[in-house]
Amino acid sequence: MKRFNKIITKHLTPLFLSKTAMNTYMIFVGNGLSAFLAFVFTVTLVRNVSLADFGYFSALLSFMMLVTDVSDTGIGSTLSAFLPPLEDDKKRFFSILKAAFILQTIIALVVTTVLFIFSYAIANILFHTVKLDLLVKITTLAIFFNIMGTFFTYVLSARQKFLQVAFLSAFSSLMRVVLLVCLILFSMVFLQNVLWIHVFYLLITAVIAFIFVDVEFLKFKKIPGELRKFVSFSYFIGIARGLTAIASRLDVLMLIAMTNPVQAGIYSTASRIISVYPLLTGSFSTVIAPRLSAATDHKSINKYIYKVIFATFGIMSTNVFLIIFARPFMITLFGTDKGGPAVTVLQLLLVAMMFFVGSIPSVALSIYYLRKPFIITFNSILQLIIVAVGNLVFIPKYGRLGPAVSLILAFGITLLLTSCMSFYYYAKTGNEKKSI
């Protein structure tokens, strides 16, 4: 018993009360509230619209998130790698921040302008009907505000202002639920109005995030050469994020294009449930990124990585619980007609999420400590190929189950390769430092 208490005092107590743990709790509370409110939003919306309309909505939302992730071009993740070590060098710090802001704004304007102009063609290609042209235009506005709001959130995370990040996450989700309730009270729950909700709440979130960041950085001049260094690093991450975004958003888009909106609606009912895992993974990665990017001592990183792995297994254990109780869970929430057909989809997606969550240690290590983003780029290319080919093969054969099978294969294979490559270079780096 004394030995057990000693283990708790020496190892577990510092682990759960460390600065990283406290920051993780803060982000988790904010994103946990956000995930819960997103869950409430999904359940409420599904109960008030047809499966076909929910299928269209999910496809447009996937399109919005896909374009947002691609438009990031690695800028957000690069900020977490560049800014923490420069906190004491105010001139360089704000120079990089200003350069990143200008670059992100230009990208956002160009991308959304092109999408707005070609919305007619996009509606025809994705949904096989030009009647959704207006909905694509509304989604384009939401994309612009989402890109900028995401950028400012990355800045706050890089500066370790996790309280503000947690507040933004919870507040934006609460606003979305409140606006949906207002539509229900006035019997105005139409697809177009639900999309306008997203435009409004993303606009407000972006403005508040900009205020939190502080406009002081706009007064500083850009240092020549800083932008080139920044872009050269973000290049690989940008490719990786873009490819990963495409791979992770192809499910609903290909399903609705190859089957029908009802099948997409059933699949989306399950996929919205598991969306908490990417959110939780992002929260955890946000907290550990500054610590890893600023680290110089290989021995301390050894201990830190073990903590990250331990926490990752804790997150993965929740997948097993949900797989077992998937049927009563879905039927209770959505009823037999809407929840029943989505049970198997949910179980398969939960298996895929176990592999996705398991990649946290290797991905964080390769980007923020090893500074080898090409590892993620390589695996993202492979992941996209597996998902695209898998969907083409499995959707005609298994219908709504097809995309889930593709994700299991993609996340499982890339988890194995990313882990092997990251820890190979990690061990190599440790041996090089020992030999010096």
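Miscellaneous remarks
- Top-ranked residue of region 336-352 - restricted to ones that are closer than 17 Å to Leu51 by Cβ and hydrophobic (A, V, I, L, M, F, W, C), ranked as surrounded by the most Cβ atoms within 10 Å (Cβ to Cβ): Ala342
- Taking region 125-165 as the range and being small (Gly, Ala, Ser) and surrounded by fewer than 24 Cβ atoms within 10 Å (Cβ to Cβ) as the test, only Gly149 passes.
- Applying a threshold of 8 Å to beta carbon distances and a minimum spacing of six or more residues, or different chains, the list of pairs starting in region 99-110 at a residue that is under 10 Å from Ser71 (Cβ atoms) and ending at one that is among the charged types (D, E, K, R) and assigned to a helix (DSSP H, G or I) reads Gln104/Asp72.
- Helices (runs of 4 or more DSSP H) fully within region 317-436 counting 2 or more residues that are β-branched (Val, Ile, Thr) and modelled with pLDDT under 90: 326-339, 360-364, 374-398, 402-435
- Test: residue in region 184-192 that is among the polar types (S, T, N, Q) and without any contact (Cβ under 8 Å) to a residue 12 or more places away in the chain: yes
- Residue list for region 99-138, filter: of a type in the set (Lys, Arg) and under 24 Å from the mean Cα position of the chain (by Cα): Lys137
The values are calculated or read from the model by the stated rules, or taken from the named source; none is laboratory data. None of the values given here were measured: they were computed from a predicted structure. Cβ coordinates were reconstructed from backbone atoms using ideal geometry, including for glycine residues, and neighbour counts include every protein chain displayed.
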